[in-house]
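The values are calculated or read from the model by the stated rules, or taken from the named source; none is laboratory data. Given the structure is predicted, the values throughout are model-derived calculations rather than measurements. Cβ: placed from backbone, ideal geometry, glycine included. Neighbour counts: every protein chain shown. The accessibility values were calculated without ligands, DNA or RNA, using every heavy atom of the protein model including side chains. Shrake-Rupley method; radii C 1.70, N 1.55, O 1.52, S 1.80 Å.
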Amino acid sequence: MHQHEHDENNASNQGDDAKPKDLSADLAVGVPGAQPPLEAEGARVQGRNKIAAGFHSIYETAHFGFKEMGVKRTFETLLKVNQKGGFDCPSCAWPDPDGKRKPAEFCENGAKAIASEATLKRLTPEVFARHSISDLRQQPDVWFEGLGRITHPMILRKNSTHYEAISWDEAFALIARELGSLASPDEASFYTSGRASNEAAFLYGLFARQFGTNNLPDCSNMCHESSGTGLSEVIGFGKATVRIDDFEHADSIFVIGQNPGTNHPRMLTELQKAARNGCQIVSINPLIETGLMRFKNPQDPVNMLTPGTKLACLFLPVRINGDVALLKGIMKEMLEADERSGGDLLAHDFIRHYTGGFESFAADLRQESWDKIVKNSGISREKIREAADIALTSKRMICSWAMGVTQHKNGVANVQSIVNFALLRGQIGRRGAGLCPVRGHSNVQGDRTMGIWEKMSPEFLKALGTEFAFNPPTKHGLDTCRTIEAMYQGKVKVFFGLGGNFLAATPDTKYTSEALQRCRLTVQISTKLNRGHLITGEQALILPCLGRTERDLQKTGEQFVTVEDTTGVVHMSRGILTPAAESLRSEPAIIAGIAAATLKQRTTVDWLGLAGDYDRIREHIEHVVPGFEQYNLRVRQPGGFYLPNDPHQGKFNTHSKRAGFSVHEIPQHELPEGRLLLTTIRSHDQFNTTIYSEHDRYRGISHGRRVVFLNEADIRLLKLQPDQWVDLISHFETERRRAERFKVVPYEIPVGCAAAYFPETNVLVPIRSVADGSNQPASKSIIISIEPSSAESSESAALADEPRSKQTIRL
């Protein structure tokens, strides 16, 4: 259905200098069912909501909760989320208030994530028996969400058409046999989603390394790897430098490449506090998002009766990947204003004593062309000057950002340009100021802290080896993109997924689906069914685990887990609900069971003992990971504790002990006629790859997701019509990828730019199109052309129920 096509024009233009064609370009047709089915009628366009939250948000929260959990269970559960002594929301990683908390510390999207996990619906072995793999592949993603919680371990045997139940012991034995038969430990890869707790992540990394590999890709490879890489190089620290209370003390907040109203809705409360205090909020984003227009806070009855609080005072609808150009323009204005003032506007004492590289950075700014800045940013010089004036008059400025900054070829340069911007006025290491890369999943940052990374430091590996009396492998492992390539090439034969929806989250869907099917075994530790369970290796296991909302009873009694939020706060999370099924096991227990069965006499670790008492896991973490001294004592304090954060104190752990200015060229996007730059986005009724409905009221879309947002000028130029069905074709080197049947929707987006929802458009993202330095997929800047759709109005004929050995590539 979605095809790679050879780009004849590019090939003929490049001649003998053309790069070798990537393996992915040789695939004729992807695995059937790897992507959601096409839509018959498609989305409808209606008036968009221009005020975030409000009464509509309350209705959506209650409606979804009551439908999934019932009235009583909804109230009991939501009143415990993000409370001290309660459980942590399984959605985004926005921090909780340090002090007193309100009774309702959740947002609409978080409430939906909780209701999804705490649903009363159950996906039993009997339901699996009624649906073949080919049947399931024909269903839309939202249908999977409605099936409920998986209740038993399930296996898809070689050449089988259906999943069937399997005992835990049999599942562990199968995994042990497959891992034991590998020629090298590096033929296995262990992926982690951001939902896994600190305890689960630590055990998972320990198991992988005792098995003998550093192949520990994670979802951070796809979201904030550019942030970690960029920040570590110039300030010596890869996380946020702010605390949550810094937001209400800020004079200005620049929100860059981020849509907090949908992706981090609780952030709006802090932005509202800041705005009421006179803070100037600037939004830098190709789309003007509802979440930064006005906000009606459901926690504030008086505010609910007003038009809401105005948040952003300045919108800068930058061209896709025009951030370096825009930031250089703002900083050039600041530098010129400072020179006109005789040096009174920039923080020269701070620059002199705490930074390096300023002179070469300033020289680069001086020679930069204003024409080049305006052209590549898409922002007028007047608007650039307005943003510079806000920055120059701010004593305390925060810069926050998300994947609109990181998922570009120059994602690291984007991040470091934000650092340059903050350093000019010394906006790191003071109250109400700093850097804030906002993490998108509840413990993605904690998982990295626990050692889930393919290239942990020698110091970490030495401490881990000392603690458990073994020699961890020192060779760097595979990240997410390299794991996919290794699976495709037959170099990785066993794939583990600790949570998440790997297939839907990753780039180049067709290539990734082929890669997964070339494995001997794929194992997913999950709570609910997703499309990734249907595109598998020769054999596949689904191991159902407890959710964040559920009580965790082990041999020594009831347990709690811990997580780390965006600002480095580590706190406890204790579930309150009876587990969805008696047969479920916790993530630590599943990992320990696999490790004990696989390693046997090769390990001295008391795996089952650790699974029975999480305090023992935390004791080991305390000995291995810096900053976790007296872990069990401090994490039991209400609200937990902050990890060390040197930049918050004005210290920089770089080689020079100074923060570094860096010089970056403005990315050039000279697109041929008829081509646009596409960014992938999330709908409002979506959390990462989980689709709650096919509506997006903040963009005026209902009853469908296959839409492409275009500027009206581009619609006319391309001779298209609103509501017309079109195909999107991406262009990368000599390759073309096609995504079929998207409706054209006129929208306020810069000329030459387009936007569409993921995961539907992940098929357009080439596996080798990645950020320099971080290898993060460049999912936010995809060169595309658009053609009238030739697809039929319904999905291609479904595969018959035949042995899975025949359900592969159809030419």
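Quick grid of which residues meet (1) at pLDDT 95 or above; (2) within 23 Å of Ser774 (Cα to Cα); (3) crowded, with 20+ Cβ neighbours inside 10 Å; (4) not hydrophobic (A, V, I, L, M, F, W, C):
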residue	(1), (2), (3), (4)
Gly180	yes, no, no, yes
Pro185	yes, no, no, yes
Tyr191	yes, yes, yes, yes
Ser197	yes, no, yes, yes
Phe207	yes, no, yes, no
Asn215	yes, yes, yes, yes
Ser232	yes, yes, no, yes
Asp246	yes, no, yes, yes
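Taken together, Gly308, Gly291 contain a single residue that is among the small types (Gly, Ala, Ser), open to solvent by less than 10 Å² (accessible area, probe 1.4 Å) and touching a residue at least 12 places away in the same chain (Cβ under 8 Å), which is Gly291.
Considering segment 702-717, and only residues there that are touching a strand residue (DSSP E or B) at 6+ places or on another chain (Cβ under 6 Å) and surrounded by 20 or more Cβ atoms within 10 Å (Cβ to Cβ), the residue that is farthest from Glu289 (Cα to Cα) turns out to be Arg706. Please count how many residues of segment 697-749 are within 26 Å of the chain's Cα centre (by Cα), in a strand (DSSP E or B) and hydrophobic (A, V, I, L, M, F, W, C). Within segment 697-749, residues that are within 26 Å of the chain's Cα centre (by Cα), in a strand (DSSP E or B) and hydrophobic (A, V, I, L, M, F, W, C) number 11.
When Asn414 is tested against (1) open to solvent by less than 10 Å² (accessible area, probe 1.4 Å); (2) closer than 30 Å to Gln601 by Cα; (3) under 21 Å from the mean Cα position of the chain (by Cα), just one condition goes unmet, and that condition is (2). Checking each residue in segment 305-331 for being farther than 27 Å from Asn711 by Cβ and in a helix (DSSP H, G or I) picks out only Met331.
Contact map, segment 371-386: first residue farther than 21 Å from Glu670 by Cβ and open to solvent by less than 50 Å² (accessible area, probe 1.4 Å), second residue part of a helix (DSSP H, G or I) and acidic (Asp, Glu), Cβ cut-off under 8 Å, separation 6 or more or different chains; pairs are Ile384/Glu333. The set of residues in segment 775-789 that are open to solvent by less than 10 Å² (accessible area, probe 1.4 Å) and farther than 22 Å from Leu38 by Cα comprises Gln776, Pro777, Ala778.
Listed conditions (1) of a type in the set (Val, Ile, Thr); (2) open to solvent by 30 Å² or more (accessible area, probe 1.4 Å); (3) not in a helix (DSSP H, G or I) are all met by Val302, apart from (3). Scanning segment 628-656 for residues that are at positive phi and touching a residue at least 40 places away in the same chain (Cβ under 8 Å) turns up Gly639, Gly640, Gly650. Does Glu629 meet the test of being in a helix (DSSP H, G or I) and open to solvent by 70 Å² or more (accessible area, probe 1.4 Å)? Judged against the criteria, Glu629 is not a match. Determine if segment 44-55 includes at least one residue that is in a helix (DSSP H, G or I), touching a residue at least 12 places away in the same chain (Cβ under 8 Å) and either open to solvent by 10 Å² or more (accessible area, probe 1.4 Å) or within 27 Å of Gly291 (Cα to Cα) (or both). Yes - at least one qualifying residue is present in segment 44-55.
Taking the criterion of being over 16 Å from Gly148 (Cβ atoms), in contact with a Pro (Cβ under 8 Å, 6 or more places away or on another chain), aliphatic (A, V, I, L, M) and part of a helix (DSSP H, G or I), no residue of segment 101-135 qualifies. Screening segment 650-696 for residues that are in a loop (DSSP other than H, G, I, E, B) and hydroxyl-bearing (Ser, Thr, Tyr) and picking the one that is least open to solvent (accessible area, probe 1.4 Å) gives Ser683.
Taken together, the residues in segment 141-178 that are under 30 Å from the mean Cα position of the chain (by Cα), open to solvent by 20 Å² or more (accessible area, probe 1.4 Å) and closer than 27 Å to Lys600 by Cα amount to 1.
Within segment 333-351, does at least one residue satisfy the condition of being surrounded by fewer than 22 Cβ atoms within 10 Å (Cβ to Cβ) and under 26 Å from the mean Cα position of the chain (by Cα)? Checked against the condition, which is being surrounded by fewer than 22 Cβ atoms within 10 Å (Cβ to Cβ) and under 26 Å from the mean Cα position of the chain (by Cα), segment 333-351 yields no hits at all.
Only one residue in Val745, Val770 is crowded, with 24+ Cβ neighbours inside 10 Å and in contact (Cβ under 8 Å) with a residue 12 or more places away in the chain. Which one?
Answer to the check: Val770.
From the list Leu179, Leu147, exactly one residue is of a type in the set (A, V, I, L, M, F, W, C) and in a loop (DSSP other than H, G, I, E, B). Which is it? None of the other options fit; the residue is Leu147. In the set (1) open to solvent by less than 10 Å² (accessible area, probe 1.4 Å); (2) modelled with pLDDT of 95 or more, Ser442 fails one condition alone, (2). On the given criteria, is Thr562 of a type in the set (Ser, Thr, Tyr), within 20 Å of Ala165 (Cβ to Cβ) and in contact with a Ser or Thr (Cβ under 7 Å, 6 or more places away or on another chain)? Criteria not met by Thr562. Part of a helix (DSSP H, G or I), hydrophobic (A, V, I, L, M, F, W, C) and over 21 Å from Met69 (Cβ atoms), is that true of Ile594? In short, yes.
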